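Scroll down for the structure; my scribbles are underneath it.
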Amino acid sequence: MSLAFALSPSAIATASWRRVQGTLLAVVLAGVLTLISPLMVHAQQQSGAGNTFSSQELVDSGHVFFGNMARGMADVVESLTAQYGQPNGYILGEEASAAFFGGLRYGEGVLYTRNAGNHRVYWQGPSIGFDMGGDGTRTMILVYNLPSVDTMYQRFPGVSGSAFLVGGLSASANQSAQVVVAPIRAGIGARLGINVGYLKFTRQPTWNPF
């Protein structure tokens, strides 16, 4: 007698139903994965991009901050973005300095981040080079690759050859390890020069640039 005839009709029906259940479950799971996979990828992309500021956001903030001195803002941001990518922080503040072949600069402002809050910062530093004029300058500093707010409070040596001028704005770069800060300045006597100084950021104001 074959095995098929050894099984009762009820046993055969039960086995068939279990196979149907297994097939249905596999189909349902496949459908669910198909639906949620794009959502998971999108969420991961959003999470990765959610810590940085877009070029348009920076241009808009710059226009509001600099007002009628913001001519060339889009070109400055485009140039910095091409070189360093999108920043995950930026500072809006004011800077006072005076130099001719040497001098000092002092500034204060607020560091804005996506997910680590806003923080008051101060900066100081010697500026050695062909700088011109003494001025009170509005300054926007883009911050790239900042792993934590605490990392902001250190010295950032100037990047040789990084300075350029567009419209009424000047820009340059300072770097420490992977973190880059790119000051964008506007105002009377805005500086463009052979700047080999550094910027030191602190939590509290100080007159000591060293």
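The values are calculated or read from the model by the stated rules, or taken from the named source; none is laboratory data. If you're wondering where the values come from, they're calculated on a predicted model, not measured in any experiment. Virtual Cβ from ideal backbone geometry, glycine too; neighbours counted across all protein chains shown.
Would it be correct to say that ALA99 is under 20 Å from SER162 (Cβ atoms) and at pLDDT below 90? Yes: the conditions hold for ALA99.
Among the residues of region 143-162, is any of a type in the set (A, V, I, L, M, F, W, C), surrounded by 18 or more Cβ atoms within 10 Å (Cβ to Cβ), modelled with pLDDT of 95 or more and in a loop (DSSP other than H, G, I, E, B)?
Checking region 143-162: at least one residue is of a type in the set (A, V, I, L, M, F, W, C), surrounded by 18 or more Cβ atoms within 10 Å (Cβ to Cβ), modelled with pLDDT of 95 or more and in a loop (DSSP other than H, G, I, E, B).
Out of the residues in region 86-96 meeting the condition of being at pLDDT 90 or above and in a strand (DSSP E or B), tell me which one is nearest to the chain's Cα centre (by Cα).
Filtering region 86-96 for residues at pLDDT 90 or above gives 86-94.
Those left that are additionally in a strand (DSSP E or B): 89-94.
Numbers: GLY89: 5, TYR90: 7, ILE91: 11, LEU92: 14, GLY93: 17, GLU94: 21 Å.
That would be GLY89.
Mind checking whether some residue in region 63-85 is in the same structural domain as LEU169 (by TED's automatic domain parsing), assigned to a loop (DSSP other than H, G, I, E, B) and at pLDDT 95 or above? Give the steps one after another, and end with the answer.
From region 63-85, those in the same structural domain as LEU169 (by TED's automatic domain parsing) are 63-85; that's our starting set.
Pick out the ones that are also assigned to a loop (DSSP other than H, G, I, E, B) and you get 70-72, 85.
Filter again for at pLDDT 95 or above, leaving 85.
Among the residues of region 63-85, at least one is in the same structural domain as LEU169 (by TED's automatic domain parsing), assigned to a loop (DSSP other than H, G, I, E, B) and at pLDDT 95 or above, which makes the answer yes.
Filtering ASN208, ASN174 for residues that are modelled with pLDDT of 75 or more and not assigned by TED's automatic domain parsing to the domain that holds LEU142 leaves a single hit, ASN208. The requirement of being modelled with pLDDT under 90, surrounded by 15 or more Cβ atoms within 10 Å (Cβ to Cβ) and not in a helix (DSSP H, G or I) is fulfilled nowhere in region 108-124; no residue meets it.
I'd like the full set of residues that are within 21 Å of the chain's Cα centre (by Cα) and at pLDDT below 90, limited to region 177-197. Outline the logic, then answer.
Taking region 177-197 and keeping what is within 21 Å of the chain's Cα centre (by Cα), we get 177-185.
Once the filter is applied, which keeps residues that are within 21 Å of the chain's Cα centre (by Cα) and at pLDDT below 90, region 177-197 yields only ARG185.
Please go through region 47-61 and give me each residue that is in a helix (DSSP H, G or I) and at pLDDT 95 or above, ordered by number. Selection gives SER55, GLN56, GLU57, LEU58, VAL59, ASP60, SER61.
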